[in-house]
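What follows draws every value from the coordinates through simple rules; no lab data is involved. None of these values were measured; they are calculated from a predicted model. Cβ coordinates were reconstructed from backbone atoms using ideal geometry, including for glycine residues, and neighbour counts include every protein chain displayed.
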Amino acid sequence: MNRFHGAARVAASALVSLLVSCEPFLPWDDYGAMDPKLQLIGRMQLVDDEGFRYTYPGTTVRLRCDCTGVDVAFEDEGSGDDKRTNFVNVIVDGKQTAVLKLPRTKNGELIKGIRGLKPGEHTIEFVKRTGPYAGTIQFRGISVQGVLLDPPPLPERRIEVIGETVSCGYGNEVSIKAPNNTEPNTGYHSKNEDNSKAYGALLGRRFDAQVVTTCMSYRGVQRNPDGSTEDTLPMRYKRIYPDDDSEERVWDTRRYVPDVIILNLGVSDFAVRDETNTPTAPDPESFKKAYANFIRELSGYYPSAKIICTVGPTMSDYYPKDRQHWTLIQQYVKEMVESLVDSNVFYMAHPPASSGSYGEDWHPTAEEHQRMAEALGNLIQTQTGLGW
C-alpha cells in the first residue's frame, strides 16, 4: 500500500528527521483493507480485491494498534455538495475524537485520521455517520504510526435496527425551536446526521453489543410516499445498497444474526398525498398484512431474535389536521403484533417529541434519541427474557 504515501508525508518525515527531539519518531506502516487484523462491522461488498464498499450508517472499520496515529483511505462516491458528502466518526478507546469530512477522491488516497495519541495500545473505530442518501463510500486501507495488533474480541450481543430516516439519525445534530411551526423545514444536510447519536448506536453502547443499521429514505412497509407498492422497504431489505438491483449485491443474512431486531417503520406509508395535497393513511388491512409478512420473513432468517416493532416519535394527531395519523399507526401496528401471537415479537410506541426542539425536517434531536434508547433498553431488559 505504498501508493498511499504521497510527497506530503515524505516531506514531513524528512523534516521530522532533522528536528532535535527526545521523542522517538515512529514510522508509518500501511495495511490494505483486507488485512485480517481489521474488523469490519456492517453490510459491505468487496470491490476489486482492494477495498470494501458500503452505504448504510454505522458501518464500522475497527482495529487495535500500539501507535500514536492512524490515517485512513476512503473514496467518497457522493456528489460533494451539502447533501451528498459523507462523514466518518473517529472513535478512540470508546470516545469520539474526530469527525472526517471525506474528500472526493477516485484512488482512495490517505487522509488524516487521528494523530498525537498517547503511546501505547488503542482501539480505534472509523464509523460511517451518514446514511444512504449521502451516498456510498469505499474503504481502501489504513496507515499506522506504530504497529497494528490483533483485533479485540467483538461483542457477543448483536442488535439490528431496521427503519427509515429516524433510524439513520437524520438531522439529529441540530436542535431547532418551532415557534411558528415552520423552522425545522430545513431540508437534509449530511453534516447534521450522526448515526453514532441515534438510538441504535446508543443501545449498542448500553449493552456492549454490535449494531447494524439498515435504514432507507422514502420506503414504506406497504406503500411508498409516491403511492407505489413496489420497491418497499421489505422488498429492499436484503440489498447491500438500497437502490441497487444487481443480484450479486444481495446480503447474505447468515453473516450477521441479531439477538434483537428493532423496527421503526410506517411513516412513509402515511405520507401519500391526496388531491388536496394532504397526507393520507394506508388501507389498514393491506398495511398490517405487509408488515406481518415482513416480520415472518425476519423470523425465518433469525428464528431466535426478539423483534420490537416501534412507532414514533415524528408523527402526531395535530398534522395532518383531523386525520388522526398518530392514533391510527399505533392501532395498526399494535393490532398487527397481536395478530401474530408470537412471544418473540413486541410493540412499543415512542410519544411525539415534547421538548419543543427538533432536528432537521422535524426529526428527533440527539436528546430525543437518548430518550428513545432509554425506553427501548428498559423494554429489552424487562420483557424479552434475554438477561441483558
(request) Search the structure for amide H atoms under 5 Å from the amide H of Val211, placed 1.01 Å from N in the peptide plane, and list their residues when 5 or more places away or on another chain. (result) Ile159
(message) Tell me the mean residue ellipticity at 222 nm calculated for the chain from its helices only (DSSP H runs of n ≥ 4, each -39500 (n - 2.57), averaged over every residue, nearest 500).
(response) -6500 deg cm²/dmol
(message) Explain nothing, just the number: dipole magnitude of the chain about its Cα centre with +1 on each Lys and Arg Cβ and -1 on each Asp and Glu Cβ, in debye rounded to the nearest 20.
(response) 600
(message) Could you give each residue of segment 110-121 its phi-based ³J(HN,Hα) in whole Hz, using Karplus coefficients 6.51, -1.76, 1.60 with θ = phi - 60°, and x for Gly or Pro?
(response) 5, 10, 5, x, 9, 10, x, 6, 5, x, x, 7
(request) Check each of the GluC sites (Glu not before Pro) in segment 137-245 and keep only those in coil by DSSP with at most 12 other C-beta atoms within 10 angstrom; list them in order. (result) Glu156, Glu230
(message) Under 10 Å, Cα contacts only: if you run a Gaussian network model on the chain, which one of Lys306, Lys197, Lys83 comes out with the highest mean-square fluctuation?
(response) Lys83
(request) In nm, give the distance between the simple-model label positions of Val147 and Asp245, each being 7 Å from the Cα along the Cα-to-Cβ direction. (result) 5.3
(message) Among Pro234, Gly266, Met372, which residue has its Cα furthest toward the positive end of the charge dipole of segment 157-383, with +1 on Lys/Arg Cβ and -1 on Asp/Glu Cβ?
(response) Met372
(message) From the alpha carbon gyration tensor of segment 157-383, can you work out the equivalent ellipsoid semi-axes (sqrt of 5 times each eigenvalue) and give them in Å, largest to smallest?
(response) 25, 21, 18
(message) To the nearest 20 Debye, how big is the dipole of segment 157-383 about its Cα centre, given +1 on the beta carbon of each Lys and Arg and -1 on that of each Asp and Glu?
(response) 660
(message) Test of understanding: ordering Tyr56, Tyr237, Tyr199, Tyr301 by Cβ neighbours within 10 Å, fewest first, what list do you get?
(response) Tyr301, Tyr237, Tyr56, Tyr199
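What is the fewest-to-most order of Phe294, Phe346 by other Cβ atoms lying within 10 Å of their Cβ? Mind dumping the intermediate values first?
Numbers: Phe294 23, Phe346 19.
Fewest to most other Cβ atoms nearby, the residues stand as Phe346, Phe294.
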(message) Strictly over 30 Å apart at the Cα level, which of Lys112/Lys191; Lys37/Lys128; Lys289/Lys321; Lys238/Lys289; Lys238/Lys321 would you flag in this model?
(response) Lys238/Lys321
(request) With P(r) over Cα pairs in 10 Å bins from 0, in percent in mind, check [x] 5, 22, 31, 23, 12, 5, 1, 0; [y] 5, 23, 33, 26, 10, 2, 0; [z] 5, 26, 37, 26, 6, 0 and report the label derived from this structure. (result) [x]
(message) Taking R0 as 30 Å, what FRET efficiency do you get between Ser355 and Thr278 from their Cβ-Cβ distance, rounded to the nearest 0.05?
(response) 0.65
(message) How big is the dipole moment of segment 47-181 about its Cα centre under a simple scheme where the beta carbon of each Lys and Arg is +1, that of each Asp and Glu is -1, and everything else is neutral? Debye, nearest 20, please.
(response) 440
(message) Considering only C-alpha atoms, what is the centroid distance from segment 183-251 to segment 53-123, in Å?
(response) 21
(request) Just need the relative contact order of the chain here, percent rounded to a whole number, with Cα pairs under 8 Å and 6+ apart. (result) 17
(request) List the DSSP H helices in the chain whose Cα atoms stretch 24 Å or more along the helix axis and whose mean Kyte-Doolittle hydropathy is at least -1.0. (result) 284-301, 366-383
